[in-house]
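The values are calculated or read from the model by the stated rules, or taken from the named source; none is laboratory data. If you're wondering where the values come from, they're calculated on a predicted model, not measured in any experiment. As a convention, Cβ positions derive from the backbone with ideal geometry for all residues, glycine included, and neighbour counts pool all protein chains shown.
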Amino acid sequence: MSITKILSITLAAAILTGCVGNPVEAFKLSATNLQDRQIQSRVYKKIKEESILAASAAVFQDMGYTLSESETRLGVITATKDADATDGGQVALAIFAALFGGGQAAIDDKQRFTTTIVVLPRGSSDTHTVRMTMQRVVWNTQGNVSKLETIKDETVYKTFFEKLSKAVFLEKNI
Amino acid sequence: MKTLIITLAFISLVGCQTLSQQATGGGGTQLQTRQLQTKNVEDITKTQALRASIATLQDLEFVIDKADFVLGSVTATKLTYGIIKITVIVRKTKRGVTIRANARQGKNPLADPLVYQNFFTALDKSIFLVKNKIN
């Protein structure tokens with residue numbers, strides 16, 4: 001075996017045991033940061049911070065989440081939910097592949113959503129910004145992680161804030 | 001066969017650490033590490049610093065795993081670039097606060113000073129917004 005071959009094997013092994021991207025970039029604000037913040041935030045007026053937090057917790061329950069962390073003094077609630085991740089398109093492709101002798105392909109099976117709500121007081125009294133951020137981990141039918149991602153889909157946030165606005169209305173009028 | 005043994009021996013040596021080093025991170029650079037992970041901020045309350053840290057983590061696409069006002073700690077996770085975990089601890093000082101962050105990417109501690117420089121640059125913006133109640 002030549003020196004070059006040994007070196008290539010060693011380097012490949014070192015790379016495989018090591019890194020996933022450059023983490024320095026992970027701590028820089030992204031170019032879409034301001035736009036993301038807008039999509040993920042809403043302002044609520046004439047309501048106390050604890051009432052918004054109560055309304056948010058109620059919405060999490062409405063959506064089938066369980067709370068995993070809360071610190072009301074910092075306006076934080078985090079909740080998680082396990083859900084089915086089966087995708088019709090992937091199933092169809094897997095069947096198609098199997099029919100043509102491609103073997104049994106792994107498809108997305110289950111997922112866990114983790115969502116954080118943060119309430120921040122604004123200038124005037126009883127006005128607050130609520131920001132929601134969401135991530136998910138997806139596992140495939142072989143039990144391996146197939147996706148690790150921050151949810152950027154605008155519809156998800158729009159739907160959440162529609163529910164929160166209703167809950168805030170109820171909270172104000174109870 | 002010989003070359004294979006040499007290659008395997010080399011690979012095993014690359015990752016060779018004692019249990020003590022694995023569990024305690026070894027010794028030597030403790031002060032240096034602490035310095036690059038820490039920022040002093042004056043004229044700010046503990047609550048403002050914690051809220052600004054949480055806002056920064058959200059800006060950087062982290063979700064909050066734990067937050068404890070009394071301890072002054074926030075732990076968060078980001079799912080891009082593998083799994084990145086960070087803990088921020090805010091301690092009150094005579095003139096303001098010290099904010100210390102330490103992050104890991106999977107099993108690797110993040111020691112690159114640029115990681116912390118980038119984090120504190122983003123934090124500066126949030127501190128300004130939180131202190132002025134603009135968000």
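List, please: which pairs have Cβ atoms under 7 Å, are six or more places apart or on different chains, and start with a residue in segment A:22-38 that is facing chain B (nearest Cβ under 7 Å) and more than 16 Å from B:Leu123 (Cα to Cα) and end with one that is surrounded by 17 or more Cβ atoms within 10 Å (Cβ to Cβ) and among the hydroxyl-bearing types (Ser, Thr, Tyr)? Matching pairs, first to second residue: A:Pro23/B:Tyr81.
Hey, among the residues in segment A:130-174 that are among the charged types (D, E, K, R) and touching an Asp or Glu at 6+ places or on another chain (Cβ under 8 Å), which one's surrounded by the most Cβ atoms within 10 Å (Cβ to Cβ)?
My answer is A:Arg136.
Taking segment A:124-166 on its own, how many of its residues are more than 10 Å from chain B (Cβ to nearest Cβ) and of a type outside the set (A, V, I, L, M)? Total meeting the criteria: 21. A residue that is at pLDDT 90 or above and closer than 28 Å to B:Ala49 by Cβ occurs somewhere in segment A:80-100. For the condition part of a strand (DSSP E or B), touching a residue at least 40 places away in the same chain (Cβ under 8 Å) and more than 8 Å from every other protein chain (Cβ to nearest Cβ), B:Thr75 does not qualify.
Among residues of segment A:21-33 being part of a helix (DSSP H, G or I) and within 18 Å of the chain's Cα centre (by Cα), the one that is farthest from A:Ile151 (Cα to Cα) is A:Phe27.
Considered as a group, the residues in segment B:55-72 that are free of Cβ contacts under 8 Å to residues at least 24 places away in the same chain and in contact with a helix residue (DSSP H, G or I) (Cβ under 6 Å, 6 or more places away or on another chain) include one that is nearest to B:Val90 (Cα to Cα), and that residue is B:Phe69.
Could you list, in sequence order, the residues of segment B:53-72 that are more than 7 Å from chain A (Cβ to nearest Cβ) and over 15 Å from the mean Cα position of the chain (by Cα)? Selection gives B:Val70, B:Leu71. Quick check: anything in segment B:88-103 more than 16 Å from B:Ala55 (Cβ to Cβ), facing another protein chain (nearest Cβ under 10 Å) and not in a helix (DSSP H, G or I)? Checking segment B:88-103: at least one residue is more than 16 Å from B:Ala55 (Cβ to Cβ), facing another protein chain (nearest Cβ under 10 Å) and not in a helix (DSSP H, G or I). The lone criterion from (1) buried (at least 24 other Cβ atoms within 10 Å of the Cβ); (2) within 9 Å of chain A (Cβ to nearest Cβ) left unmet by B:Ala49 is number (2). Suppose we filter A:Val168, A:Val130, A:Val137, A:Val119 for residues that are touching a residue at least 24 places away in the same chain (Cβ under 8 Å) and in contact with a Gly (Cβ under 6 Å, 6 or more places away or on another chain); which single one remains? On inspection, the qualifying residue turns out to be A:Val119.
For first residues located in segment B:113-125 and under 18 Å from A:Leu34 (Cβ atoms), partners that are basic (Lys, Arg) and surrounded by fewer than 19 Cβ atoms within 10 Å (Cβ to Cβ) and lie 6+ apart or on another chain with Cβ distances below 7 Å form the pairs B:Asn118/A:Lys28. Within segment A:92-101, can one find any residue that is over 28 Å from B:Gln48 (Cβ atoms), in a loop (DSSP other than H, G, I, E, B) and away from every other protein chain (no Cβ under 14 Å)? Scanning segment A:92-101, I find at least one residue that is over 28 Å from B:Gln48 (Cβ atoms), in a loop (DSSP other than H, G, I, E, B) and away from every other protein chain (no Cβ under 14 Å), so the answer is yes.
Going by the conditions given, is A:Ser68 within 9 Å of another protein chain (Cβ to nearest Cβ), under 16 Å from A:His128 (Cβ atoms) and at pLDDT 95 or above?
no
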